[in-house]
């Protein structure tokens, strides 16, 4: 898990040894020189300028990670240039205000050699903060925080989660008691020997990795052992009604469970059985065990979660620990346009992918936006957000850099997304380093709150209606012949063109998908063939995927928008009119 940082550090150290000598003045190599190797920017923000003299073309190495992309600078620092030609170049760095301190070690390559420059802003003394303040904070700043270790997912590097009641952050890397990294800092010989439930004080710099807020390579300041231990801190169960047992080890006066109000309708406390600990020669004051039983109702809706709190106390203090009970919802849909996955079914589909694997086909999913990391903007035309079945963050799925309606980039004036919006997404899912998500740039919004994009076209041959345009025209009482374009999405059973009647019946949509949705599908009902003639033996046959332009009268039959029977024809198919 730590390779993305350790590799850069190792390479930096190697190149520094390989490219410098005792005779080189600081900042000077044969082919590249910088007038300063350490510069500072005040906490109020500002600029600092460095002069680079190089005999070769030079560039900053991509050693920083910003939104999952390798970059030459961290997100908080900008420069007037990150590469240049041989000669003298002045580079000005800029940073905005920060209440604290941060630092970046920049690598400069030229002619196969490397030079190093450190840019520091403010003081690196850690600021006392809560998890909520760190989440709302800035990258690079050093923070000190105290909270409960809720889970540990890597013991070699010391990767775990800390929660102080105001929020939860990820600790990505922990130094052992001797200050060494990647040395089993939790359970190793020189480890801190802490466990989930212990209250720990750490300090380190903040880093935003994707949507995850981390403290990187922290130093442990203090560990307070817990009076309560959960044998497991979370459990995921099936949608069926059932009983769930949670085992709790405690050293206080009993162990007690508190069910949150939003889960009392489906989680009910049943009983607690207590088992006394047995003293041994090695443990004279062993923990007792409480087995707490709950009844869980059947779940016919979306995935749901309950954050149940367990607590134990004595005259010397108390400990509270969360237990997350997640009950999966019912998987629905087959992933097609006409029957999209719900988020539960999409997650089941994505869970079959190995790490690093991408699905070999597009799928459709319907859900509600539950979290937005970055809104749509005209700068990139995409957005990163999450969807779930009920609009909460429970069981959510990431849409990473997804495009807008019509598989196009968002432009100024388009509707902006918001939490709670109902969307249908089409795209390719992937398992990116253990994170299940829609792959970058390979998904788009099919519909947003039922809208598939504005009506387009005026119904002329030069500017045919799209599907929304045709529907709007029918609703406004259009008469006479008009033109509609789309892609054949489905041939109605028995609707192929034949010489018996000379007409055919099929569905079209803007993107060639059949949605079984009257706002997104349009029926070509008993239309004639090219040239407004009956189809005859030897004529080509229409097929799914064909791009067609229809000409004729439009109408609405019950809930179906369609052409008027035998009063419309295929004007062109895949650009051909005859």
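The values are calculated or read from the model by the stated rules, or taken from the named source; none is laboratory data. Being a predicted model, the structure only gives us computed values, none of them experimental. FYI the Cβ positions are ideal-geometry reconstructions off the backbone, even for glycines, and counts take in every protein chain you see.
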Out of the residues in region 104-148 that are free of Cβ contacts under 8 Å to residues at least 40 places away in the same chain and outside any loop (DSSP other than H, G, I, E, B), state the one that is surrounded by the most Cβ atoms within 10 Å (Cβ to Cβ). 131
So if I check each of 359, 307, 337, which one is in the same structural domain as residue 252 (by TED's automatic domain parsing) and either closer than 22 Å to residue 515 by Cα or more than 22 Å from the chain's Cα centre (by Cα) (or both)? 307
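Counting only residues that are over 20 Å from residue 234 (Cβ atoms) and assigned to a strand (DSSP E or B), which one in region 182-203 is farthest from the chain's Cα centre (by Cα)?
Restricting to residues being over 20 Å from residue 234 (Cβ atoms) and assigned to a strand (DSSP E or B), the top hit is 201.
Within the group 311, 253, which residue is modelled with pLDDT under 95, assigned to a strand (DSSP E or B), at negative phi and in contact with a strand residue (DSSP E or B) (Cβ under 8 Å, 6 or more places away or on another chain)?
Numbers: 253 fails: assigned to a strand (DSSP E or B).
Of 311, 253, the one residue that is modelled with pLDDT under 95, assigned to a strand (DSSP E or B), at negative phi and in contact with a strand residue (DSSP E or B) (Cβ under 8 Å, 6 or more places away or on another chain) is 311.
Residue-wise test of (1) surrounded by 21 or more Cβ atoms within 10 Å (Cβ to Cβ); (2) at pLDDT 95 or above.
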{"position": "357", "(1), (2)": "no, yes"}
{"position": "368", "(1), (2)": "no, yes"}
{"position": "376", "(1), (2)": "yes, yes"}
{"position": "385", "(1), (2)": "yes, yes"}
{"position": "392", "(1), (2)": "no, no"}
{"position": "397", "(1), (2)": "yes, yes"}
{"position": "402", "(1), (2)": "yes, yes"}
{"position": "411", "(1), (2)": "no, no"}
{"position": "422", "(1), (2)": "no, yes"}
Taking the criterion of being modelled with pLDDT of 95 or more, under 17 Å from residue 460 (Cα atoms), buried (at least 17 other Cβ atoms within 10 Å of the Cβ) and in contact with a strand residue (DSSP E or B) (Cβ under 6 Å, 6 or more places away or on another chain), would at least one residue in region 520-541 satisfy it? no
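Condition first: over 29 Å from residue 404 (Cβ atoms) and in a loop (DSSP other than H, G, I, E, B). Can you find one or more residues in region 551-565 that meet it?
Within region 551-565, the first condition is being over 29 Å from residue 404 (Cβ atoms), and the residues that meet it are 551-553, 555, 557-558, 563-565.
Checking which are in a loop (DSSP other than H, G, I, E, B) leaves us with 558.
Yes, that holds for at least one residue.
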Index of the failed condition, residue 406 passing every other in (1) farther than 14 Å from residue 510 by Cβ; (2) touching a residue at least 24 places away in the same chain (Cβ under 8 Å); (3) surrounded by fewer than 20 Cβ atoms within 10 Å (Cβ to Cβ): (1)
Filtered residue count, region 441-467, keeping only those that are surrounded by fewer than 16 Cβ atoms within 10 Å (Cβ to Cβ), in contact with a strand residue (DSSP E or B) (Cβ under 8 Å, 6 or more places away or on another chain) and either touching a residue at least 60 places away in the same chain (Cβ under 8 Å) or in a strand (DSSP E or B) (or both): 2
Output yes when any residue across region 197-210 is more than 14 Å from residue 308 (Cβ to Cβ), touching a residue at least 40 places away in the same chain (Cβ under 8 Å), surrounded by fewer than 20 Cβ atoms within 10 Å (Cβ to Cβ) and not assigned by TED's automatic domain parsing to the domain that holds residue 159, and no when none is. no
Exactly one condition in (1) in contact (Cβ under 8 Å) with a residue 60 or more places away in the chain; (2) over 16 Å from residue 467 (Cα atoms) is not met by residue 552; state its number. (2)
Are any of the residues in region 427-437 assigned to a loop (DSSP other than H, G, I, E, B), crowded, with 18+ Cβ neighbours inside 10 Å and either touching a residue at least 24 places away in the same chain (Cβ under 8 Å) or not assigned by TED's automatic domain parsing to the domain that holds residue 399 (or both)? no
Within region 325-345, the count of residues that are in contact with a helix residue (DSSP H, G or I) (Cβ under 7 Å, 6 or more places away or on another chain) and crowded, with 21+ Cβ neighbours inside 10 Å comes to 2
Only one of (1) under 16 Å from residue 388 (Cβ atoms); (2) surrounded by 16 or more Cβ atoms within 10 Å (Cβ to Cβ); (3) at pLDDT below 95 fails for residue 322. Which number is that? (1)
